[in-house]
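Quick notes on the structure that follows.
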Amino acid sequence: MMVPVFRFAPSPNGELHLGHAYSALLNAKLAGERGGRVLLRIEDIDTARCTPEFEQGIYRDLGWLGIEWERPVRRQSDHFDVYVEALARLRSEGLVYPAFMSRGEIRAFVTGHEGDWPRDPDGAPLYPPLDRQASEATRRARLASGAPYSWRLDMGKAIAVVGGTEWTEFSASDVSAHEMIPAAPQRWGDVVIARSDVPTSYHLSVVVDDALQGITHVVRGRDLYEATSVQRVLQKLLGFKAPAYHHHRLILGPDGRKLSKSERSTGLRALREAGRTPEDIRAMLGF
Ligand code: GLU
């Protein structure tokens, strides 16, 4: 029988909070119930914001909560070469293009555009089509000029290649229950595949790592539900198997808003220092 493989994949760019604890505990609970493994992955491609101190904090807080994970831990910043290889494959198939517009330029384009310019599920304006439509000569000249650029997916082309896409959303309470969700990658437009400062992006490294680590079950917050559409397209383009997904409820702060890493009161370290025990945390989160 295939052993299910779960993963918890935090970014060390701040202290873990109750939302992370919920995600980690749910991964551990489901893996326990299904005879599965739990891997921990450190998602630190953002080398400017991620620090070794926050990474140590992740191990300390998870250990305190009583969560177990396998070693060695995969740290994304150790594997840029693997993501570069995946990017090269997309490049060789003409599925990505160099994108030169800064945030300010995108904003100016959108403001100058008549009518409502479409926005992605996170509320950001879709990337204007100018760079995608640029001639080969213009592209070459801009690359030669040394201007900073990122690589973006030609989403229209990608969708034409992969066709209709869906994903399996499984239930946390009933092992056999799941639903097929139609993906809507067109809503994201031409997403960033490799940033200008690092040779990968969140979407690319997640998809590559989930495949390389043999992840069968992705359990993560509802805030990443829409991102699954993009990740399914990348999996198909790169020939990767699709994990099944479960997007769990978000833990909200006292103000009813999503927790943020800068909010001290719900940080695991602050709660511990205030005398809360791991049992208190579990009880607060309904475990
Ligand atoms: N690293 C992401 C985060 O901390 C989670 C990625 C994922 O679970 O797919 O929000």
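The values are calculated or read from the model by the stated rules, or taken from the named source; none is laboratory data. Quick caveat, the model's predicted, so the values are computed rather than measured. Methodologically, a virtual Cβ is constructed for each residue, glycine included, from the backbone with ideal geometry; neighbour enumeration extends over all protein chains shown. In case anyone asks, the SASA skips ligands and DNA or RNA and just uses the protein heavy atoms, side chains included. Shrake-Rupley method; radii C 1.70, N 1.55, O 1.52, S 1.80 Å.
Within segment 195-219, how many residues are of a type in the set (A, V, I, L, M) and surrounded by fewer than 17 Cβ atoms within 10 Å (Cβ to Cβ)?
The total comes to 1.
Which residues, taken from segment 199-215, are within 14 Å of the ligand (Cβ to nearest atom) and in a loop (DSSP other than H, G, I, E, B)?
Residues satisfying the conditions are 200, 201, 213, 215.
Is there a residue in segment 142-153 that is on the phi < 0 side of the Ramachandran plot, of a type in the set (S, T, N, Q), surrounded by 15 or more Cβ atoms within 10 Å (Cβ to Cβ) and in a strand (DSSP E or B)?
Checked segment 142-153: at least one residue is on the phi < 0 side of the Ramachandran plot, of a type in the set (S, T, N, Q), surrounded by 15 or more Cβ atoms within 10 Å (Cβ to Cβ) and in a strand (DSSP E or B).
Out of (1) over 17 Å from the mean Cα position of the chain (by Cα); (2) under 19 Å from residue 269 (Cα atoms), what's the single condition that is false for residue 4?
It fails just one condition, (2).
Would segment 235-257 turn up any residue that is within 16 Å of the ligand (Cβ to nearest atom), at pLDDT below 95 and buried (at least 17 other Cβ atoms within 10 Å of the Cβ)?
yes
With the structure loaded, tell me whether residue 83 is in contact with a helix residue (DSSP H, G or I) (Cβ under 8 Å, 6 or more places away or on another chain) and either of a type outside the set (Gly, Ala, Ser) or without any contact (Cβ under 8 Å) to a residue 12 or more places away in the chain (or both) or whether it fails that test. Write out each step before concluding.
Numbers: in contact with a helix residue (DSSP H, G or I) (Cβ under 8 Å, 6 or more places away or on another chain): yes; either of a type outside the set (Gly, Ala, Ser) or without any contact (Cβ under 8 Å) to a residue 12 or more places away in the chain (or both): yes.
Yes: the conditions hold for residue 83.
Restricting to segment 171-190, and then to whatever is in contact (Cβ under 8 Å) with a residue 40 or more places away in the chain and assigned to a loop (DSSP other than H, G, I, E, B), can you tell me which residue is nearest to residue 47 (Cα to Cα)?
Pass one, segment 171-190, residues in contact (Cβ under 8 Å) with a residue 40 or more places away in the chain: 171-172, 175, 178, 181, 183-185, 187-190.
The next check asks that each one be assigned to a loop (DSSP other than H, G, I, E, B); those that pass are 171-172, 175, 183-184, 189-190.
On the way: 171: 35, 172: 33, 175: 38, 183: 30, 184: 30, 189: 26, 190: 24 Å.
Ranking the candidates gives 190 first.
If you scan segment 60-80, which residues turn out to be free of Cβ contacts under 8 Å to residues at least 24 places away in the same chain and closer than 29 Å to residue 193 by Cα?
71, 72, 78
Just a yes or no: is a residue in segment 173-192 within 16 Å of the ligand (Cβ to nearest atom), of a type in the set (A, V, I, L, M, F, W, C), closer than 24 Å to residue 50 by Cβ and open to solvent by less than 20 Å² (accessible area, probe 1.4 Å)?
For segment 173-192, residues within 16 Å of the ligand (Cβ to nearest atom), of a type in the set (A, V, I, L, M, F, W, C), closer than 24 Å to residue 50 by Cβ and open to solvent by less than 20 Å² (accessible area, probe 1.4 Å): present.
Those residues that are within 13 Å of the ligand (Cβ to nearest atom) and either touching a Gly at 6+ places or on another chain (Cβ under 9 Å) or over 22 Å from residue 78 (Cα atoms) (or both), I need them from segment 1-20; list them, please.
6, 12, 14, 15, 16, 17, 19, 20
Being without any contact (Cβ under 8 Å) to a residue 12 or more places away in the chain and farther than 28 Å from residue 226 by Cβ: is that true of residue 276 here?
Criteria met by residue 276.
Looking only at segment 40-57, filter to residues that are closer than 15 Å to residue 200 by Cα and more than 13 Å from the ligand (Cβ to nearest atom); which one of those is surrounded by the fewest Cβ atoms within 10 Å (Cβ to Cβ)?
48
Where the second residue is more than 8 Å from the ligand (Cβ to nearest atom) and open to solvent by 40 Å² or more (accessible area, probe 1.4 Å) and the first is under 8 Å from residue 6 (Cβ atoms) and lies in segment 213-225, which pairs have Cβ atoms under 6 Å and are six or more apart or on separate chains?
That search, which allows pairs on different chains as well, returns nothing.
Sort out which residues of segment 1-34 are among the aliphatic types (A, V, I, L, M) and surrounded by fewer than 17 Cβ atoms within 10 Å (Cβ to Cβ), and write them in order of number.
1, 2, 3
Select from segment 49-86 the residues that are at positive phi and touching an Asp or Glu at 6+ places or on another chain (Cβ under 8 Å) and list them in ascending order.
Of the residues in segment 49-86, the ones at positive phi are 66.
Listed by number, the list is empty, since nothing qualifies.
From the list 60, 75, 37, 89, which one is open to solvent by 50 Å² or more (accessible area, probe 1.4 Å), within 15 Å of the ligand (Cβ to nearest atom), at pLDDT 95 or above and among the basic types (Lys, Arg)?
On inspection, the qualifying residue turns out to be 75.
In segment 220-230, which residue that is in a helix (DSSP H, G or I) and either closer than 15 Å to residue 95 by Cβ or within 8 Å of the ligand (Cβ to nearest atom) (or both) is most open to solvent (accessible area, probe 1.4 Å)?
First, the residues of segment 220-230 that are in a helix (DSSP H, G or I): 222-224, 227-230.
If we keep only those that are either closer than 15 Å to residue 95 by Cβ or within 8 Å of the ligand (Cβ to nearest atom) (or both) as well, we get 223-224, 227, 230.
On the way: 223: 70, 224: 53, 227: 7, 230: 0 Å².
Among them, the one singled out is 223.
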